[in-house]
Ligand SMILES: [Fe+2]
């Protein structure tokens, strides 16, 4: 393809956003450096990869998982597979021409997670699709028929209880539904949550005591829906609020805290702050916060999200806000075993202009460090995996795919989370380019 026609394509179909068209398998991959033998499992990452070569929006492409299998210090295989959905195979749409919604249809393109022995490819409009450890699609998964809402692509696994918490949002009432799945995979609680309108809610968070919802002013727009575009836009009149709902109690609505209008795709983490008597008196929520989103139209992304902290005072019913850093960041993560618990460390991708880094934040001290990939190498989301016998939350590795635009190649990279600026622990050159995608997980054996 020459430069000229490619430039006419929307950003999400150009350069390393462009889809790859082959599903391939490669085995016994060469390793530069040393893969820690304790990394025994699979790193799976999902992303939008439209099979037709075209999608109207970055978020609308068919889901494709890129997976790498590590064992005993070896990279046993790399493979990539489309999630076999009815959207992919039949051109089915989740929203019918009459406005009806079929949650069994979806592109399954945003995240891939494991809970209670099931690997799920998730997109926020639909039910999840279950995958095998070899990346074959098993089918739509609806929790034995109990799921009645969509499922966010960002469920939260509680490291204390083993539960999975998630929500679904919709443009018809109920606009927001909360679901809780026990450690055995049984859906045990569903609650309709009262919110003023149908906002786009991409992610949420938990603490030990509460579930946290963000009701922010990016709201469903019927006219945009009829045009086939991403049907959400900024609304100056909607306001912005964060809701905290006690965990494990049926029939209780959240308490809402007004915040400055903004948009958040991704929180980094949330945790309780307890008083001397052991009761929770504050909740801290760190997020990648955008000052606004989609005021003009819903197809472009202004790269201006920054790490930001809300502190909710439960007694006073007030929220205070402050920026934690001035870097532009996205894809914030913490160690899986700190989700909902007090964390000192978090990680994010900083790709802005010529900056291509993975940043490590010491969120409470304000310190930070980064791994700078240079001008031509661009990392995706970093996933933390603890070292065997780790005694601190940062004792482990960061896994990610990195794209090099000089030769249009990609690598799987392992960094030392405690010494992030150092040379990678290991690099695995991959047999094809990995397009920029969304989220992934380490699925240990
Ligand atoms: Fe996301």
| said: Need one word for segment 1-140: rounded, prolate or oblate. Basis is the Cα gyration tensor (sqrt eigenvalues a ≥ b ≥ c); a/c below 1.5 gives rounded, then a/b vs b/c decides. | reply: oblate
| query | For the residues 279, 126, what sequence is obtained by ranking on other C-beta atoms within 10 Å, fewest first? | reply | 279, 126
| message | 7 Å from Cα along Cα→Cβ at both residue 273 and residue 390: what's the point-to-point distance in nm? | response | 2.5
| Stretchable slack from residue 315 to residue 365, in nm (0.36 nm times residue separation minus alpha-carbon distance) | 15.5 nm
| So what is the 222 nm mean residue ellipticity for the chain from helices alone, if each DSSP H run of at least 4 adds -39500 (n - 2.57) and you divide by all residues, rounding to the nearest 500 deg cm²/dmol? | -500 deg cm²/dmol
| field | segment 172-320: relative contact order as a whole-number percent, Cα under 8 Å and 6+ apart | value | 18
| Is the shape of the chain rounded, prolate or oblate, going by the alpha carbon gyration tensor and its root eigenvalues a ≥ b ≥ c, with a/c under 1.5 for rounded and a/b larger than b/c for prolate? | rounded
| remark: Ordered by fewest other Cβ atoms within 10 Å, a rough proxy for footprinting exposure, 142, 354, 388 read 354, 388, 142
| remark: Using alpha carbon centers only, segment 399-425 is separated from segment 170-241 by a whole-angstrom value of 34
| In what sequence do 39, 70, 176, 224 fall when counting other Cβ within 10 Å, fewest first? | 224, 176, 39, 70
| query | How many nm separate the modelled label positions at residue 423 and residue 172, each set 7 Å beyond the Cα in the direction of the Cβ? | reply | 6.0
| query | So how do 94-101, 330-337, 10-17 stack up, highest first, on mean other-Cβ count within 10 Å? | reply | 330-337, 10-17, 94-101
| said: Quick check: from the Cα gyration tensor, does segment 62-181 come out rounded (a/c under 1.5), prolate or oblate? | reply: oblate
| What is segment 142-191's relative contact order, in percent, from Cα pairs under 8 angstrom and six or more apart in sequence? | 30
| query | Which residues does a label at residue 443 reach in segment 5-47, if reach means a backbone N under 20 Å from a point 7 Å past the Cα toward the Cβ? | reply | 23-29, 38-47
| Relative contact order computed over the chain (Cα-Cα under 8 Å; 6+ residues apart), in percent | 13
| said: Full-extension gain between residue 14 and residue 52, please, as 0.36 nm times their residue separation minus the C-alpha to C-alpha distance. | reply: 12.3 nm
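Each value in this text was obtained by applying a stated rule to the coordinates, not by laboratory testing. These numbers come from a predicted model, not from an experiment. Positions of Cβ are backbone-derived with ideal geometry, glycine not excepted, and every protein chain shown enters the neighbour counts.
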